[in-house]
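Worksheet: the structure to be examined is printed underneath.
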Amino acid sequence: MTRTRASVFTPLILAVFLIGVVAPQPALAAPCTGAQIIHLQAVPGTNGRGARSTSMVTFNAAVTCAHISSIGDRSTSGNGVFTEAGWLENPAGLIICGTTSGVPKWFVFWVVASGAATCVTGSNVGAGSTHSYAVRDNEQDGIWNLVFDNVTQATPNMGTFVTGQPIANGERRVSSDPGIVDIKGLQRMDSTASWVSWTNTSGIDNDPGFLICTTKFPTELLTAVMGPC
Amino acid sequence: MLSTHGHTERARLAVAIGVCAALAVLGISSLRAEHAPQQSMGLPDIGTDQPIGGQVVTLDQAAGVVPFSIYRPQDPVASDSTISRVMVWTPGPDSQATVRMEYGSGVVVTLTQWPAGQDPEVSYETQWKQAGGLGTLTTVNGHPAWLLPGNATATAPVTGSADVTISSGVADPTINTVELTIGSVDILIKGRLSIDELVRTAGTLG
């Protein structure tokens with residue numbers, strides 16, 4: 001009996017010791033302690049002169065740090081260049097697009113080759129509503145159109161960037177924030193400046209708390225908490 | 001009775017092991033959060049500094065693929081003798097001709113061609129304005145250039161329509177950049193070296 005009690009309590013004592021030695025002291029309360037960029041993304045197998053979602057669902061869950069749903073087009077040469085459009089919640093002001101309060105706002109964003117980043121943030125988008133978002137350079141002149149609900153919101157000069165890898169993106173900064181996105185009607189602009197559905201879509205999942213519902217590929221990026229999609 | 005007692009002991013043991021496992025997982029999770037790598041938290045982030053696709057080639061092979069001159073620096077921090085990798089992207093309907101040269105110092109030089117209709121000098125000025133006046137527009141050996149140190153701050157407001165908010169431009173704090181144009185070729189020099197070293201390097205392009 002004594003041996004049995006020892007076998008029960010010894011691991012507990014060891015565990016308490018282990019936690020005391022290994023675990024860091026709790027940080028002071030801060031909304032975004034331990035923030036890191038966590039992605040759930042999908043990309044097609046072919047580059048494009050633009051990317052579009054004809055119907056991106058807006059979610060308005062309780063967000064502490066940041067929650068982003070977007071589409072974009074990024075340079076493949078590793079120079080960091082991209083254009084992006086979508087909605088975000090940014091209650092802690094962690095991201096340069098301005099602090100949001102309550103419901104999400106639409107935004108468009110771009111980074112040019114020098115590394116300079118600029119964000120344009122617009123009006124609220126209501127929970128449950130769906131909107132279209134696009135980035136495109138159909139003229140192939142380096143001047144991109146960043147579009148929300150079929151209205152061009154910014155025309156950044158992107159220098160020599162005219163085509164790249166389309167991408168659908170779900171993003172958060174802490175694992176306690178929501179990570180769900182539902183980006184439907186994924187299209188890329190092909191070499192004839194026509195919108196075509198994605199093919200050979202693959203996922204990039206750096207989010208341990210959510211998974212990509214690959215059954216929705218190639219035209220939709222839907223994420224879900226671990227479990228059935 | 002013995003059997004029941006045995007079940008009770010096993011149940012206690014199972015609970016204890018479960019508690020230990022949970023505590024250990026909590027401890028490890030906390031540790032990971034504490035030591036997460038520092039990233040640029042302030043940006044929506046779908047860009048990448050890692051090449052996607054492209055082929056690893058020699059300089060000679062790259063010259064046979066792209067329709068422009070491959071201007072190369074000859075500076076102690078970036079020269080033909082210190083190239084660690086050359087990559088090329090073939091021009092095509094969905095691909096942009098690009099050469100990327102990586103050097104032992106960490107400097108990366110990327111060459112692309114200006115599209116028809118773009119004037120490099122005008123483009124730099126427009127990009128500079130759209131980013132809130134970040135960095136300095138200048139020339140290097142008479143070629144138009146934009147110098148952008150990572151610690152640059154916006155010098156001018158960015159304005160737009162009344163119903164939107166436009167952030168001041170933000171530089172990437174992790175890197176310094178010199179971008180210049182020779183002929184129709186845009187040359188991007190990025191590195192963690194000082195901006196002066198990158199400008200010196202740009203001055204050796206040929």
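The values are calculated or read from the model by the stated rules, or taken from the named source; none is laboratory data. Because the structure is predicted, anything quoted here is derived from the model rather than measured. Cβ sites come from the backbone with ideal geometry, for glycine too, and all protein chains shown count toward neighbours. The protein model used for the area step is the full one, side chains on, heavy atoms only, and it has no ligands, DNA or RNA in it. Shrake-Rupley method; radii C 1.70, N 1.55, O 1.52, S 1.80 Å.
A compact table of results
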read-out: Filtered residues of region B:137-181 (kept if in a strand (DSSP E or B), within 11 Å of another protein chain (Cβ to nearest Cβ) and over 18 Å from A:Val120 (Cα atoms)); value: B:Leu137, B:Ala145, B:Trp146, B:Leu147, B:Leu148, B:Asn176, B:Thr177, B:Val178, B:Glu179, B:Leu180, B:Thr181
read-out: Any hit, region B:194-201, residues being modelled with pLDDT of 95 or more, at the interface with chain A (Cβ under 7 Å from one of its Cβ atoms) and buried (at least 22 other Cβ atoms within 10 Å of the Cβ); value: no
read-out: Test for A:Gly128: is it open to solvent by 40 Å² or more (accessible area, probe 1.4 Å), more than 10 Å from chain B (Cβ to nearest Cβ), touching a Ser or Thr at 6+ places or on another chain (Cβ under 9 Å) and among the small types (Gly, Ala, Ser); value: yes
read-out: Selection count where residues are within 15 Å of the chain's Cα centre (by Cα) and hydroxyl-bearing (Ser, Thr, Tyr), scope region A:91-105; value: 0
read-out: Residue check for B:Gly104: within 17 Å of the chain's Cα centre (by Cα) and either more than 10 Å from every other protein chain (Cβ to nearest Cβ) or open to solvent by less than 40 Å² (accessible area, probe 1.4 Å) (or both); value: yes
read-out: Qualifying residue in region B:56-69 (condition: within 25 Å of B:Thr174 (Cβ to Cβ) and either facing chain A (nearest Cβ under 9 Å) or aliphatic (A, V, I, L, M) (or both)); value: yes
read-out: Hits in region B:107-144 (condition: surrounded by fewer than 19 Cβ atoms within 10 Å (Cβ to Cβ), free of Cβ contacts under 8 Å to residues at least 60 places away in the same chain and touching a Gly at 6+ places or on another chain (Cβ under 7 Å)); value: none
read-out: Residues of region A:56-81 satisfying the condition of being closer than 13 Å to A:Glu171 by Cβ and part of a strand (DSSP E or B); value: A:His67, A:Ile68, A:Ser69, A:Ser70, A:Ile71, A:Gly72
read-out: Residue match in region B:173-189 (condition: in contact with a Gly (Cβ under 8 Å, 6 or more places away or on another chain), modelled with pLDDT under 95 and not β-branched (Val, Ile, Thr)); value: yes
read-out: Residue among B:Ala78, B:Ala97, B:Ala162 that is under 27 Å from A:Arg49 (Cα atoms) and among the aliphatic types (A, V, I, L, M); value: B:Ala97
read-out: Tabulated pairs, region A:118-137, first in contact (Cβ under 8 Å) with a residue 60 or more places away in the chain, second of a type in the set (S, T, N, Q) and surrounded by fewer than 18 Cβ atoms within 10 Å (Cβ to Cβ), C-beta under 8 angstrom, 6+ apart or interchain; value: A:Thr130/A:Ser55; A:His131/A:Ser55; A:Ser132/A:Thr54; A:Ser132/A:Ser55; A:Ser132/A:Asn150
read-out: Filtered residues of region B:44-91 (kept if surrounded by fewer than 18 Cβ atoms within 10 Å (Cβ to Cβ), acidic (Asp, Glu) and under 30 Å from A:Glu171 (Cβ atoms)); value: B:Asp49
read-out: Enumeration of residues in region A:133-184 that are open to solvent by 10 Å² or more (accessible area, probe 1.4 Å), within 16 Å of B:Asp45 (Cβ to Cβ) and away from chain B (no Cβ under 11 Å); value: none
read-out: Of residues in region A:40-55 being surrounded by fewer than 19 Cβ atoms within 10 Å (Cβ to Cβ) and either in a loop (DSSP other than H, G, I, E, B) or without any contact (Cβ under 8 Å) to a residue 60 or more places away in the chain (or both), the one farthest from the other protein chains (Cβ to nearest Cβ); value: A:Gly45
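Table: residues versus (1) modelled with pLDDT of 95 or more; (2) assigned to a strand (DSSP E or B); (3) hydrophobic (A, V, I, L, M, F, W, C).
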position: A:Asn169; (1), (2), (3): yes, yes, no
position: A:Ser176; (1), (2), (3): no, no, no
position: A:Ile183; (1), (2), (3): yes, yes, yes
position: A:Arg188; (1), (2), (3): yes, yes, no
position: A:Val196; (1), (2), (3): yes, yes, yes
position: A:Asn200; (1), (2), (3): yes, no, no
position: A:Ile204; (1), (2), (3): no, yes, yes
position: A:Asp207; (1), (2), (3): no, no, no
position: A:Leu211; (1), (2), (3): no, yes, yes
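Let's see how each residue does on (1) at positive phi; (2) of a type in the set (A, V, I, L, M, F, W, C); (3) in contact with a strand residue (DSSP E or B) (Cβ under 8 Å, 6 or more places away or on another chain):
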| residue | (1), (2), (3) |
| --- | --- |
| A:Gly142 | yes, no, yes |
| A:Thr155 | no, no, yes |
| A:Thr160 | no, no, yes |
| A:Arg172 | no, no, yes |
| A:Ile183 | no, yes, yes |
| A:Thr192 | no, no, no |
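Rundown of residues vs (1) closer than 28 Å to B:Gly92 by Cβ; (2) basic (Lys, Arg), yes/no style:
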site	(1), (2)
A:Ser114	yes, no
A:Thr121	no, no
A:Trp144	yes, no
A:Asn157	yes, no
A:Thr163	yes, no
A:Ile167	yes, no
A:Arg172	no, yes
